[in-house]
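Chemist: Sharing a structure here in structure tokens format.
The values are calculated or read from the model by the stated rules, or taken from the named source; none is laboratory data. If you're wondering where the values come from, they're calculated on a predicted model, not measured in any experiment. Heads up, the Cβs are rebuilt from the backbone with ideal geometry, glycines too, and the neighbour counts pull from every protein chain shown. Just so you know, the surface numbers come from the protein's heavy atoms only, side chains and all, with ligands and any DNA or RNA stripped out. Shrake-Rupley method; radii C 1.70, N 1.55, O 1.52, S 1.80 Å.
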Amino acid sequence: GLMEYILRTDADSSRTSRHPDSDGAEIVYTIGTTPPTSPADCNRTLFNSKARGIIDAGIENAGKKFYGYARWANITNKSKSGPWCQVFSAVISD
């Protein structure tokens, strides 16, 4: 049920990196069988000041799908937050 994520900027695609205008990564996600149509359809939110982290999807969700969107977020100046990426998904395993 633990999922590791690693984020990179376009300018530095060889290693973990964070956008210079961001305060960290914002990830919104949902667990289920139907993919969300937009980030607004996700019911869980995670913010991490680092570009690498772990999401605990819960062992009780093994076999279900994880759907999420990510973006670089600036919590003090929202206009500097990046756009959401396309939806991504993974099957949660135990």
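Chemist: Return one whole number: the accessible area per residue of the chain in Å², for a 1.4 Å probe.
Modeler: 63
Chemist: Mind checking which aspartates and glutamates have their Cα closer than 13 Å to the Cα of K78? Skip sequence neighbours fewer than 8 apart in that chain.
Modeler: Candidates past the 8-residue exclusion: D21, D23, E26.
Chemist: Please work out, to two decimal places, the log10 of the ratio I(q)/I(0) at q = 0.19, 0.23, 0.28, 0.29 Å⁻¹ from a Debye calculation in which every Cα of the range 38-92 carries one identical scatterer.
Modeler: Log-scaled intensity ratios, in q order: -0.79, -1.09, -1.36, -1.39.
Chemist: Further, regarding this structure: Expressed as cubic angstrom per residue, what is the convex hull volume of the alpha carbon set of the chain? Don't skip to the end; give the middle numbers.
Modeler: Working: hull volume 8.9 nm³, N = 94.
Given the Cα convex hull of the chain, per-residue volume reads 95 Å³.
Chemist: Using the crude model of +1 on Lys and Arg Cβ and -1 on Asp and Glu Cβ, and no other charge, please compute the dipole size for the chain relative to its Cα centre, in debye to 20.
Modeler: The dipole magnitude comes to about 160 debye.
Chemist: Among all the lysines, which ones have a C-alpha under 25 Å from K65's C-alpha, if same-chain residues fewer than 8 places away are not counted?
Modeler: Hits, sequence-local ones excluded: K50.
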